[in-house]
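The values are calculated or read from the model by the stated rules, or taken from the named source; none is laboratory data. These figures come from a predicted structure and were not determined experimentally. Note that each Cβ is placed from the backbone with ideal geometry, even for glycine, and that neighbours are counted across all protein chains shown. The area values use the complete protein model at the heavy-atom level, side chains included, leaving out ligands, DNA and RNA. Shrake-Rupley method; radii C 1.70, N 1.55, O 1.52, S 1.80 Å.
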Amino acid sequence: MHRDMVKTTPSFEWCLIALCALFTALSAAVACAPDLVSDVPDETSTSCVDFCRRLAECEDDAGSEDECVSSCAADATLSQLDCADSTSDCKGFLACVEGADDDHSGDDDSDGDDDTDIGGAEIWTDPKTGLTWQTQASQGGASFAAASGGCDALELGGYDDWRLPTISELRGIVLGCTPTQLDGACTVRDDCPWGDSCWIDACLGCDEGVGPINGCYWPPSFLETCATYNWSSTPVEDIPGVTWVLHFDLGRLNWKENEDSTIDYRCVRSNESEPEEATWTDSDTGLMWQVTPHVTWVTFEDALNICDASTYGGHDDWRVPSITELRTIVRGCSAIEIDGACAVHDDCPSLSGCYSDSVCLGCGIQAGPDNGCYWPDELDGTCVRYQWSSTSVPDRIETNWVLWFGQARIGLGATNSSYPVRCVRGEMTGDDDDDSADDDTADDDDDGAQTWTDTHTGLTWQTTASTEKKYWQDAVDACDKLRLAGYKDWRLPTISEFRGVIEGCPHNALGGECRVTDECTKANDNACYQADECENCVSFAGPDDGCYRPDAFSGECDFYQWSATTVEDKPERAWVVKFQFAHLGYAIKDSYTYAYQCVRP
């Protein structure tokens, strides 16, 4: 699989190709020529052997040498093979470079061609984003106005719609400097352009001059040096006359004054056809995943909205995955794989009951099987940060489980924190459970034990009430925003619906002597509520560990829970229930905070 390979190959790569092909043909024992390439110590050098092996395999299968270069050669670790500056140790190297065009005369490197097959190309299209870049930056520097005008006037590669890139687009081509790659820790992006609140120390970048491409933190297709900043088109919103810039020698973000600064610029254009939005279906679970996650760091609520609104790959039913679903795509870290020792799943009853540092902290950092990531090689993106799950952490207010694929580590994420999200769609398959005999039992098609479908009413319930107490309107809003088990139509239950799940206390169960229902909600005049008919049952004597509710429910029950039903003659109040006694009552909506438990449809 070669999805990360770059199609443009600098000119010195042709020499490496020729050398490796020649010496492979001469002797199987000598994969490359250590006497010609001084940086390769011997024939067992990993990068050199891998390069030649890939080249030989590619030559066997590829239809042309150009295909071989674009799909194979650029994957070599060229930084360890670079000898272009040493004529004494690279006999024949310069001649090889000078003759490269003779060997590939079919490409004249003119402005009108694709410029994607040999060194010296003037444009390069990023296969991940579909953006086409000018490979050579301006010379001598320019003010912001001059840079913007220069891109507007540029005609290159047969195109005249060039422009200055945004700061997110510049960050999208950073290679080898994790903090300032687009999904890295630096928070400066197109949607976070403020200097005071968006710039953090992570934006300082990495060590100077040690990037993967001749010391630069950019794609191998780019030319010239990276010793100066590059203009973006993104203004620093809270500092007038100042624009964000990026230094590829350091991988560093900064800002410059538009009129007084003269720095380099590199133009970009958007292609009419967007890159394919790839999806991957896991044959083990039946779940379909986005191959490339949303790289912008977002709060949990924003993650829900992103997945809800996504039409990625032509589908409109994306959602935030649960922690169990995320664990199904862990590869190479046995404790965190779905059947591993870490006990964190969707049906985790309590934080202390399922989380353990000894088994849930994952494996070595960036040591996973897919470029350091602990996920299948069908997936893409970087794994430098936790990713959101939709599963809340028991006993923790406004906290969800998150998973860091760079270490296969499970952690806790406050819902107002910011993490990337990879959306999923479909339902998990492969369960051996037989639901045919179920009667008021946990629905195995739902999101583990977090939901339960009452077969008598067809209503699907959250199995555990929120331990966070809220005012009534906030509880209504919380259910309205809930995204769970692939559904987004959750709501606060009515008082009749609550009475429909009371068990073991007949007079307060739906149909019992108590007259309070959705149709009879008055508290006064004994029309609906009478103390003798709606009296409590014995405390903690119900069938579900003392609670008067179905055994599919979990958690404590010694607290009141809001219903959605307003008291007709006291509209500032709403009806409540307490499963400890099967008690029905009412409370002032904006004076008391109670628990809530959501239901659908």
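Points to keep in mind about this one:
- Table column - 3J(HN,Hα) (Hz), the stretch 163-169, Karplus curve with 6.51, -1.76, 1.60, x for Gly and Pro: 7, 6, x, 6, 5, 5, 5
- Nearest-0.05 FRET efficiency for Lys481 and Asp518, computed from C-beta distance (R0 30 Å): 0.80
- Ranking of Lys589, Lys522 by solvent-accessible surface, largest first: Lys522, Lys589 (1.4 Å probe, protein heavy atoms only, all chains present).
- Net length available on complete extension from Glu568 to Tyr159 is 140.4 nm, with 0.36 nm assigned per residue and the Cα-Cα distance removed.
- Figure legend: label point modelled 7 angstrom from the Cα of Thr455 along Cα→Cβ; residues of the stretch 533-573 with amide N under 15 Å from it are 551-552.
- Solvent-accessible area assigned to carbon and sulfur over the stretch 320-427 amounts to 46 percent, based on a 1.4 Å probe.
- Anisotropy class of the stretch 195-317 from Cα gyration tensor, a/c 1.5 cut: prolate
- In the stretch 167-244, taking the dipole from charged Cβ atoms about the Cα centre, the farthest positive-side position among Gly184, Ile173, Val242 is held by Ile173.
- Note, ³J(HN,Hα) from phi for the stretch 550-562, Karplus 6.51, -1.76, 1.60, rounded to Hz, x at Gly and Pro: x, 6, 6, 6, 9, x, 6, 9, 8, 8, 7, 10, 5
- Cross-link table Lys522/Lys589; Lys470/Lys570; Lys469/Lys578; Lys469/Lys589; Lys128/Lys481; Lys470/Lys578, entries beyond 24 Å C-alpha to C-alpha: Lys128/Lys481
- Rolling a 1.4 angstrom probe over the protein heavy atoms with all chains in place gives the stretch 521-573 an accessible area of 49 Å² per residue.
- Surface composition of the stretch 161-214: carbon and sulfur make up 54 percent of the accessible area, probe 1.4 Å.
- Positive-end residue of Pro394, Tyr374, Val384, charge dipole of the stretch 365-405 with Cβ unit charges: Pro394
- In order through the stretch 502-511: 3J(HN,Hα) via Karplus (6.51 cos²θ - 1.76 cosθ + 1.60), integer Hz, x for Gly, Pro: 6, 10, x, 9, x, 6, 9, 6, 4, x
- Within the shell of other residues whose beta carbon sits under 12 angstrom from the beta carbon of Cys267, the net charge comes to -4, with Lys and Arg scored +1 and Asp and Glu -1.
- Selection from His507, Gly542, Trp575, by position along the positive dipole direction of the stretch 499-575 (Cβ): Trp575
- Amide H partners (placed H, <5 Å) of Val188, local residues excluded: Ile200
- Whole-number D in µm²/s for the stretch 472-525 (Stokes-Einstein; Kirkwood sum over Cα pairs; 20 °C, 1.002 mPa s): 165
- Using heavy atoms of the protein chains and a probe of 1.4 Å, the accessible area assigned to Glu427 is about 110 Å².
- Solvent-accessible surface of the stretch 154-287, averaged per residue with a 1.4 angstrom probe and all protein chains in place: 44 square angstrom.
- Amide H partners (placed H, <5 Å) of Thr455, local residues excluded: Asp440, Thr441
- The stretch 457-592 shape via C-alpha gyration tensor axes, a/c threshold 1.5: oblate
- Gln136 long-range amide H proximity, modeled H, under 5 Å: Leu223
- Cα-based shape type of the stretch 146-266, given that a ≥ b ≥ c are square roots of the gyration tensor eigenvalues and the cut on a/c is 1.5: oblate
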